[in-house]
Amino acid sequence: MSRSTIKDVAREAGVSVGSVSRVLNGLAVSPRMRHAVDTAMTRLDYEPNSLARSMRTNSTGAVGYFVPDVANPLYGAIINALDQRLKARGLMLLLASARGRNGREVLAEFRRRRVDGLIFTPDSETDPELIRELKAFNGPTVIQTVEFPDSFYGVRIGYRAGLRSATDYLLGLGHRRIALLTPLTELWPGRERAAGFREAFEARQLDLNDALVCPQDLGLDPELEVLRLLQSPQPPTALILPGTRILAGALRAARTCKLAIPSQLSLISIGDNDWVSSHDPAITTLRWPVETLADTITELLVSQMDGVRNQPVQITVPAELVLRESCTSPPSPHQDSH
């Protein structure tokens, strides 16, 4: 069966080809005409030629989204939420991962594909060339998760307050040797997590062992790192760590050391997903505000497209501590197998 054409739609709807074109390009037509054309396109299963349309309108309807790792289940939830919201506005999400590529390479590819907007998680906050090229994009752009010049619209997660809350919860249970495994402090999320962690100790006027703040390089084996901590002369009684492969490595390390959770080792995950909540015991989580994050990013992006916002803003959305079963008071000295 041959593919329907715009002429077929016009004939079916009883209007001119020009009228169909006006409907397809979102131009002003009467409600009656729009309904007739929409009905005809549905009957004929007509699909507009998006390439030809983009050449006419100088718009592709695509939004480029650069994330550190599309395989990360924490980013997966945000990707799904953004995709739903942008699809409802007639926009398509075009994904790219930082694995094997840097931000400048991905940005160049997005520009070649003529995306209409960008949601970007930069892999550097200080690369002047990346900042210059993002400014040169000269289209709707939202910077996610990092600290960037105020000339960009930005959305961040409230890691500092969240980590302060999570750490204070463990301190309130009686833990004093708490280890924080976090991304490198060269980027805003790592700095903010470490700052919130320290502030919780300072608020209770407690000393913090700096050796228990452990930046995680991407090439580091998280299981070996946690084993090093758990087998040290004064091991931590609690861990706060990302709910990614780092958490999976920590769980394997705990099994190797025959440590029961939570009676011998308490855990808090930064970021939530299905397996974290269904794990036995269910893991207490500093939950990313996925729905609020997606709503905020979409609003900032679309408002730029619509010309509603003229001044860039920086918005921080709060993280939520979700209490489950992976935390309890630390073991007493005679219970501590170390």
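Any idea which of (1) in a helix (DSSP H, G or I); (2) closer than 26 Å to Thr285 by Cβ; (3) out of contact with any strand residue (DSSP E or B) (no Cβ under 8 Å at 6 or more places or on another chain); (4) not hydroxyl-bearing (Ser, Thr, Tyr) is the one Glu129 doesn't satisfy?
(2)
Find the residue count for segment 302-316, including only residues that are part of a helix (DSSP H, G or I) and open to solvent by 50 Å² or more (accessible area, probe 1.4 Å).
1
Can you list the strands (runs of 3 or more DSSP E) found entirely within segment 178-268 that contain at least 3 residues being buried (at least 20 other Cβ atoms within 10 Å of the Cβ) and out of contact with any Gly (no Cβ under 9 Å at 6 or more places or on another chain)?
Working: elements: 178-183, 213-216, 238-242.
Passing ranges, in order: 178-183, 238-242.
Contact list please: Cβ distance under 9 Å, first residue in segment 303-330 and free of Cβ contacts under 8 Å to residues at least 24 places away in the same chain, second residue assigned to a helix (DSSP H, G or I) and among the aliphatic types (A, V, I, L, M), pairs at least six apart or on different chains.
Val308/Val302
If Gly271 satisfies all but one of (1) on the phi > 0 side of the Ramachandran plot; (2) open to solvent by 30 Å² or more (accessible area, probe 1.4 Å), what's the number of the condition it fails?
It is condition (2) that Gly271 fails.
Against the condition under 22 Å from Pro183 (Cβ atoms), at pLDDT 90 or above and under 19 Å from the mean Cα position of the chain (by Cα), how does Val106 come out, does it pass?
On the way: under 22 Å from Pro183 (Cβ atoms): yes; at pLDDT 90 or above: yes; under 19 Å from the mean Cα position of the chain (by Cα): yes.
Taking the combined requirement at face value, the residue satisfies it.
Any idea which of Glu129, Glu147 is open to solvent by 10 Å² or more (accessible area, probe 1.4 Å) and more than 21 Å from the chain's Cα centre (by Cα)? So that I can check it myself, show each step before the final result.
Details: Glu147 fails: more than 21 Å from the chain's Cα centre (by Cα).
Only one candidate qualifies: Glu129.
Going by what's in this entry, would Gly61 be described as in contact with a Pro (Cβ under 7 Å, 6 or more places away or on another chain) and either among the hydrophobic types (A, V, I, L, M, F, W, C) or touching a residue at least 24 places away in the same chain (Cβ under 8 Å) (or both)? Full working, then the answer.
On the way: in contact with a Pro (Cβ under 7 Å, 6 or more places away or on another chain): no; either among the hydrophobic types (A, V, I, L, M, F, W, C) or touching a residue at least 24 places away in the same chain (Cβ under 8 Å) (or both): yes.
Here the answer is no, as Gly61 does not meet what is asked.
Condition test on Ala81, is it open to solvent by 30 Å² or more (accessible area, probe 1.4 Å), among the small types (Gly, Ala, Ser) and at pLDDT 85 or above? Break it down stepwise before answering.
Details: open to solvent by 30 Å² or more (accessible area, probe 1.4 Å): no; among the small types (Gly, Ala, Ser): yes; at pLDDT 85 or above: yes.
The answer is no for Ala81.
Could you check, for segment 146-160, whether at least one of its residues is farther than 20 Å from Arg287 by Cα, in contact with a helix residue (DSSP H, G or I) (Cβ under 9 Å, 6 or more places away or on another chain) and hydrophobic (A, V, I, L, M, F, W, C)?
Looking for residues that are farther than 20 Å from Arg287 by Cα, in contact with a helix residue (DSSP H, G or I) (Cβ under 9 Å, 6 or more places away or on another chain) and hydrophobic (A, V, I, L, M, F, W, C), one finds at least one in segment 146-160, hence yes.
So which pairs qualify, if the first residue must be in segment 87-111 and within 19 Å of Ala71 (Cβ to Cβ), the second must be of a type in the set (Ser, Thr, Tyr) and open to solvent by less than 80 Å² (accessible area, probe 1.4 Å), the Cβ gap must be under 7 Å, and the two must be at least 6 apart or on different chains?
That search, which allows pairs on different chains as well, returns Leu93/Tyr65; Leu94/Tyr65; Leu95/Tyr65; Gly103/Ser124.
For a quick check of your reading of the model, give me the residue pairs whose first member lies in segment 23-41 and is modelled with pLDDT of 80 or more, whose second is of a type in the set (Lys, Arg), with beta-carbon atoms closer than 8 Å and at least 6 apart or on different chains.
none
Pick out the one residue from Val115, Val146 that is touching an Asp or Glu at 6+ places or on another chain (Cβ under 6 Å) and either of a type in the set (D, E, K, R) or assigned to a loop (DSSP other than H, G, I, E, B) (or both).
Details: Val115 fails: touching an Asp or Glu at 6+ places or on another chain (Cβ under 6 Å).
Sole residue among the options that is touching an Asp or Glu at 6+ places or on another chain (Cβ under 6 Å) and either of a type in the set (D, E, K, R) or assigned to a loop (DSSP other than H, G, I, E, B) (or both): Val146.
Among the numbered conditions (1) hydroxyl-bearing (Ser, Thr, Tyr); (2) surrounded by 22 or more Cβ atoms within 10 Å (Cβ to Cβ); (3) closer than 21 Å to Arg104 by Cβ, tell me where Tyr159 comes up short.
Evaluating Tyr159 over (1) hydroxyl-bearing (Ser, Thr, Tyr); (2) surrounded by 22 or more Cβ atoms within 10 Å (Cβ to Cβ); (3) closer than 21 Å to Arg104 by Cβ leaves (3) as the failure.
Among Gly174, Gly154, which is at pLDDT 90 or above and closer than 22 Å to Leu321 by Cα? Steps first, answer last, please.
Values: Gly154 fails: closer than 22 Å to Leu321 by Cα.
Only one candidate qualifies: Gly174.
The values are calculated or read from the model by the stated rules, or taken from the named source; none is laboratory data. No experiment lies behind these values; they were computed from the predicted model shown. Methodologically, a virtual Cβ is constructed for each residue, glycine included, from the backbone with ideal geometry; neighbour enumeration extends over all protein chains shown. Ligands, DNA and RNA are stripped out before the accessible areas are found, and what is left, the full protein with its side chains, is counted by its heavy atoms. Shrake-Rupley method; radii C 1.70, N 1.55, O 1.52, S 1.80 Å.
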